[in-house]
Amino acid sequence: MKHIISVIFLLLSIVASSQDQIESIEEINLDNQAPHQIKKYWLKLFDNGLSQPISIPVIIAKGDDSGPVLGLTAAIHGNELNGIKVIQEVLEQININELKGIIIAVPGLNQVSVTQDSRRFFDDEDLNRNFPGKEKGNRSQQYVWQINDKILSKIDYLIDMHTASFGRVNSLYVRADMDNEKMKQMALLQDADIILKNKGVPSAGDNISATRTMRAEAMLKGIPTITIEYGNPQVYQPEMTVRGVNGIKNVLNWLKMHDFETPESNQAVLCKKSYWIYLDQGGLLEVPVKLNQIVEKDEIIGQLRNPFGEIIKTYKSPERGIVIGKSSNPVNMSGGRIIHLGILAD
Ligand SMILES: [Zn+2]
């Protein structure tokens, strides 16, 4: 018995010491890390109200210097977790002696909100609508500024990982500027159900100083970037992880950073645009269509009942399209979402 207890203590101390060894840093200095090493860091972005650092987990896999720097970021929305698992699995499968270039992976970009099961930041702002941020701005602006300054400045390519929001479910889909050859390739290499053509940056004439997404910010810096939506919020979905990992490995192969064997990717449906269809009344909603289902014009996409079970309104699809996302929460006020409809490219 004594023996077992001492073994348990030994194991606990090994776990504790491996946590202790993770170095805290104020900025990423890629020259400080030797080639052919994977290192884990806590990167400080911010202070909390008791003067303690708020730091994000960063994994840097440094191969030789013959390849680019690929950024992998997950959970800028704190309840979007599948990407965290995708990053962990990809990094586990890297052969660091074979890697060319560098991977900078952030499995938990919005540290504050991940720990609070929340999509939005502490001040109720959406970080992914606040780029480029401000060095001396309010809380979310400063946090975003730090991401911009400490992470985006270091990378050559970016894959930003999301999921649906609370009360909704998603297919595995990619948002990408398909008119750009590099971003098109990055999108086609994903094991996605749907690829949504989406420029992602303000077009000429729009107010370029307006706040924007991280993808837009990265693209304005000349970094080829795609956004991937992996399924549902606040869960790990093993199927999404497997497909997500395959997509990232395909990109690593394409960038000649690694030489993975991967299965053939899904032939994604290409959409030229998409939009949400909203309720104009409140009630209990049923959505009788599946993710990735093609719906025809006038096909029933939603049935709204009052609490007594009486149908108060039936919603139909305004045109032919594919179901990218749908509501999973029956309880909806006026303005609640029914489906995210993708319109197929010609
Ligand atoms: Zn998101």
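The values are calculated or read from the model by the stated rules, or taken from the named source; none is laboratory data. What you are looking at is a predicted structure, and each value in this text was computed from that prediction instead of being measured. Here the Cβ is made from the backbone with ideal geometry for all residues, glycine too, and neighbour counts use every protein chain on show.
Out of everything in the stretch 197-240 that is among the basic types (Lys, Arg) and at pLDDT below 95, what residue ends up being farthest from the ligand (Cβ to nearest atom)?
Within the stretch 197-240, the first condition is being among the basic types (Lys, Arg), and the residues that meet it are 197, 199, 212, 215, 221.
Next, only the ones that are at pLDDT below 95 stay: 199, 212.
Details: 199: 18, 212: 14 Å.
Among them, the one singled out is 199.
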Whichever residue in the stretch 70-86 is of a type in the set (A, V, I, L, M) and under 21 Å from residue 25 (Cα atoms) and, among such residues, is surrounded by the fewest Cβ atoms within 10 Å (Cβ to Cβ)
84
Which condition number does residue 303 fail, the rest of (1) assigned to a strand (DSSP E or B); (2) over 28 Å from the mean Cα position of the chain (by Cα); (3) under 13 Å from residue 282 (Cβ atoms) being met?
(3)
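For (1) modelled with pLDDT of 95 or more; (2) over 23 Å from residue 29 (Cβ atoms); (3) touching a Pro at 6+ places or on another chain (Cβ under 9 Å), each residue gets a yes or a no:
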{"site": "62", "(1), (2), (3)": "yes, no, yes"}
{"site": "68", "(1), (2), (3)": "yes, no, no"}
{"site": "88", "(1), (2), (3)": "yes, yes, yes"}
{"site": "106", "(1), (2), (3)": "yes, no, yes"}
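Being in a strand (DSSP E or B) and among the polar types (S, T, N, Q) is the filter; apply it to the stretch 24-78 and report the residue that is farthest from the chain's Cα centre (by Cα).
Quick first cut of the stretch 24-78, residues in a strand (DSSP E or B) only: 24-25, 37-47, 53-62, 64-74.
Now narrow it down to the ones that are among the polar types (S, T, N, Q): 24, 37, 55, 66, 73.
Working: 24: 24, 37: 25, 55: 19, 66: 27, 73: 6 Å.
Checked the stretch 24-78; the qualifying residue farthest from the chain's Cα centre (by Cα) is 66.
Would you point out which residue out of 149, 179, 123, 160 is touching a Ser or Thr at 6+ places or on another chain (Cβ under 6 Å), of a type outside the set (A, V, I, L, M, F, W, C) and more than 16 Å from the ligand (Cβ to nearest atom)?
Exactly one residue qualifies, and that residue is 123.
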Does the stretch 86-104 contain any residue that is more than 16 Å from residue 252 (Cβ to Cβ), in the same structural domain as residue 227 (by TED's automatic domain parsing) and either within 13 Å of the ligand (Cβ to nearest atom) or in contact (Cβ under 8 Å) with a residue 12 or more places away in the chain (or both)?
no
Pick out the one residue from 53, 57 that is assigned by TED's automatic domain parsing to the domain that holds residue 230, in contact with an Asp or Glu (Cβ under 7 Å, 6 or more places away or on another chain) and surrounded by fewer than 22 Cβ atoms within 10 Å (Cβ to Cβ).
53
As an exercise: evaluate residue 129 against (1) modelled with pLDDT of 95 or more; (2) within 16 Å of the ligand (Cβ to nearest atom); (3) surrounded by fewer than 20 Cβ atoms within 10 Å (Cβ to Cβ) and give the number of the one condition it does not meet.
(1)
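Here is a yes/no grid of residues against (1) among the aliphatic types (A, V, I, L, M); (2) more than 21 Å from residue 324 (Cα to Cα); (3) more than 16 Å from the ligand (Cβ to nearest atom):
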residue	(1), (2), (3)
242	yes, no, yes
250	no, yes, yes
260	no, yes, yes
264	no, yes, yes
288	no, no, yes
298	no, no, yes
Just wondering, is there one or more residues in the stretch 73-82 that are more than 14 Å from the ligand (Cβ to nearest atom) and of a type in the set (Ser, Thr, Tyr)?
no
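With respect to residue 173, is the statement that it is within 16 Å of the ligand (Cβ to nearest atom), of a type in the set (Ser, Thr, Tyr), crowded, with 24+ Cβ neighbours inside 10 Å and closer than 20 Å to residue 224 by Cα true?
Working: within 16 Å of the ligand (Cβ to nearest atom): yes; of a type in the set (Ser, Thr, Tyr): yes; crowded, with 24+ Cβ neighbours inside 10 Å: yes; closer than 20 Å to residue 224 by Cα: yes.
Yes, satisfied.
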Of the residues in the stretch 226-263, those that are in a helix (DSSP H, G or I) and of a type in the set (S, T, N, Q) number 4
If residue 323 satisfies all but one of (1) crowded, with 17+ Cβ neighbours inside 10 Å; (2) of a type in the set (A, V, I, L, M); (3) farther than 23 Å from residue 229 by Cβ, what's the number of the condition it fails?
(3)
